[in-house]
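Q: Sharing a structure, written as C-alpha cells. Questions coming.
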Amino acid sequence: MSMIINPFMFAPPAAGNTLTAELGAFALTGNPVAFKRSLRMSAAPGAFGITGKDANLNTGNAPLVAATGTFAFTGNDVSFKRSLRMSAAAGVFSLTGNAATLTSSGSDPNFSSVVLLCGFNGVDGATTATDDSNSAKTLTFFANAQIDTAQSKFGGASLLLDGNGDYLEVASSADWSFGSSPVTIEFFVRFNALSSSQRMMIGNGGASGNLGWGAGVTSDLAAFQFFYSSNSGTSYNNTVTTSGVTPATGQWYHFCVEVDGSNKLRVYVDGVMRGSLTSAPAINYETTSLYIGSYIPANITASEMNGWIDELRITKGVARYASDSGFTVPTAAFPRS
C-alpha cells in the first residue's frame, strides 16, 4: 500500500482542531486505504471534488454506497457538516481540492477520563450494546430491555425499558468509586410512563446497609432527585431534589449530576442548575454493579423506569460544567475520542 499521508497527520491544537492547506492544490492518494477518523471538510469559494473507484461512504445511519465503477462529488462554495467514515476498496481513490480546510470532528479533551459511554445504537430489538469508553465495559440486559429505533436523541436508536423488571447491569468496578473526587454523570432520558414504581434511572449500591447512590424522579413525581449515602451505606443521608421543572412523559431531558473540585454537587436538567449541595460529603461506594434503568437490586421490581435512555456518559475525575449558570446542552452525540 502506498499513500501520501504524512502532510495530513497532526495532533489537533487545543482550540479549533483545524488543519489548513495553503492556497494551491492538495491531494490524498492511495490504494486499499481506510480513513477511520471522522472529518468535517469545508471548501472555500472555488471548486472541489471527491472522486474514487469501488468506494463505500458510510455516514453511520445513512450509508451512501457507490457500486463498482467511479463516483464523484462536485460543487462550489460548499461545506460538508456531516462526519463521514470513508473506506476505499482495492483500486485507486483521490481527494483533490484548492484552499481547503480539514477540521477534526469534536474530539473530547477529557476522553481519557470517560469510564462509561453508551450510545445504545444498533438493530431494533437488539439486546446488546457497546461501551465506547476506553475501558469497553460489558453491559448485560435483563428482562425486556432492548435497543429501540422508534425513539432516539442521537444516532437513530436508544435503550428501551418497559418498567417491568427491565434494566442493564455493568459489573462492579473501581470506576464507580467517586468519593470526594470530581465526577460528571449525564444522559438523555425520555419517560413513556411515570409512577411511584417506574421512576428510577441509574444507580450503584446493594441492599439496605450497603447503599451507594441513585438518580430518578421523586415518589410524588414532582421533581428529579439525586440521593446518596455518605455514612458507609447505612442510609441515603444526602438528597438533592430539583425545583422549577416537573418531569413529564413524551419529551427528552438532559439529566446531569456533577461534583466539582470544591465538593459542590450540582444537579442540572436541560443545562439549568435545578439543585445543589455545597461542600457535599463523599459519595459512598459499595463493590456492587452499576444499574441502568433502576438503582439497586433490592428495588429492581419496585423502581425500574418506563422509557428510553440515550447517550449515557460518566466522566470520573472531571466536572465538565461546574457552573451555577448552567451550560448549553449537547446538540450531537458525545465524541468517541
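Q: Could you count how many residues in segment 155-174 are surrounded by fewer than 20 Cβ atoms within 10 Å (Cβ to Cβ) and under 18 Å from Glu311 (Cα atoms)?
A: Our first condition is that a residue be surrounded by fewer than 20 Cβ atoms within 10 Å (Cβ to Cβ); within segment 155-174, this holds for 155-156, 162, 164-165, 171-174.
Now drop any that are not under 18 Å from Glu311 (Cα atoms), which leaves 155-156.
Of the residues in segment 155-174, 2 are surrounded by fewer than 20 Cβ atoms within 10 Å (Cβ to Cβ) and under 18 Å from Glu311 (Cα atoms).
Q: Regarding segment 321-337, can at least one residue be identified that is open to solvent by 30 Å² or more (accessible area, probe 1.4 Å) and free of Cβ contacts under 8 Å to residues at least 40 places away in the same chain?
A: Checked segment 321-337: at least one residue is open to solvent by 30 Å² or more (accessible area, probe 1.4 Å) and free of Cβ contacts under 8 Å to residues at least 40 places away in the same chain.
Q: Out of the residues in segment 199-224 that are of a type in the set (S, T, N, Q) and in contact (Cβ under 8 Å) with a residue 24 or more places away in the chain, which is surrounded by the most Cβ atoms within 10 Å (Cβ to Cβ)? Break it down into steps so the answer makes sense when it comes.
A: Taking segment 199-224 and keeping what is of a type in the set (S, T, N, Q), we get 204, 208, 210, 218-219.
Adding the requirement that they be in contact (Cβ under 8 Å) with a residue 24 or more places away in the chain leaves 204, 208, 210.
Details: Asn204: 26, Ser208: 12, Asn210: 17.
Within segment 199-224, the match that is surrounded by the most Cβ atoms within 10 Å (Cβ to Cβ) is Asn204.
Q: I'm told Phe187 meets every condition in (1) open to solvent by less than 10 Å² (accessible area, probe 1.4 Å); (2) of a type outside the set (A, V, I, L, M); (3) under 22 Å from Pro281 (Cα atoms) except one. Can you identify the failing condition by its number?
A: Evaluating Phe187 over (1) open to solvent by less than 10 Å² (accessible area, probe 1.4 Å); (2) of a type outside the set (A, V, I, L, M); (3) under 22 Å from Pro281 (Cα atoms) leaves (3) as the failure.
Q: Can you report the number of residues in segment 269-283 which are open to solvent by 60 Å² or more (accessible area, probe 1.4 Å) and farther than 24 Å from Ser232 by Cβ?
A: 3
Q: Residue by residue through segment 199-228, note down the ones that are out of contact with any Gly (no Cβ under 6 Å at 6 or more places or on another chain), part of a loop (DSSP other than H, G, I, E, B), under 22 Å from Leu161 (Cβ atoms) and not acidic (Asp, Glu).
A: If the condition is that a residue be out of contact with any Gly (no Cβ under 6 Å at 6 or more places or on another chain), part of a loop (DSSP other than H, G, I, E, B), under 22 Å from Leu161 (Cβ atoms) and not acidic (Asp, Glu), then Gly206, Ala207, Thr218, Ser219, Leu221, Ala222, Ala223 are the ones that fit.
Q: To continue, here is another question. Considering each residue of segment 107-131, count those that are buried (at least 18 other Cβ atoms within 10 Å of the Cβ), more than 18 Å from Ile309 (Cβ to Cβ) and among the charged types (D, E, K, R), and give that number. Give the steps one after another, and end with the answer.
A: Here is the first cut: in segment 107-131, the ones buried (at least 18 other Cβ atoms within 10 Å of the Cβ) are 113-122, 129, 131.
From the residues that got through so far, the ones that are more than 18 Å from Ile309 (Cβ to Cβ) too are 113.
Among the residues that remain, those that are also among the charged types (D, E, K, R) are: none.
Count: 0.
Q: Can you spot a residue in segment 229-251 that is under 20 Å from Glu304 (Cβ atoms), free of Cβ contacts under 8 Å to residues at least 60 places away in the same chain, among the hydroxyl-bearing types (Ser, Thr, Tyr) and assigned to a loop (DSSP other than H, G, I, E, B)?
A: Yes, because at least one residue in segment 229-251 is under 20 Å from Glu304 (Cβ atoms), free of Cβ contacts under 8 Å to residues at least 60 places away in the same chain, among the hydroxyl-bearing types (Ser, Thr, Tyr) and assigned to a loop (DSSP other than H, G, I, E, B).
The values are calculated or read from the model by the stated rules, or taken from the named source; none is laboratory data. Not measured: the values here are computed from a predicted model. Every residue, glycine as well, gets a Cβ built from its backbone with ideal geometry; the counts of neighbours run over all protein chains shown. Each accessible area value is taken on the protein alone, full model and side chains, heavy atoms only, with ligands, DNA and RNA left out. Shrake-Rupley method; radii C 1.70, N 1.55, O 1.52, S 1.80 Å.
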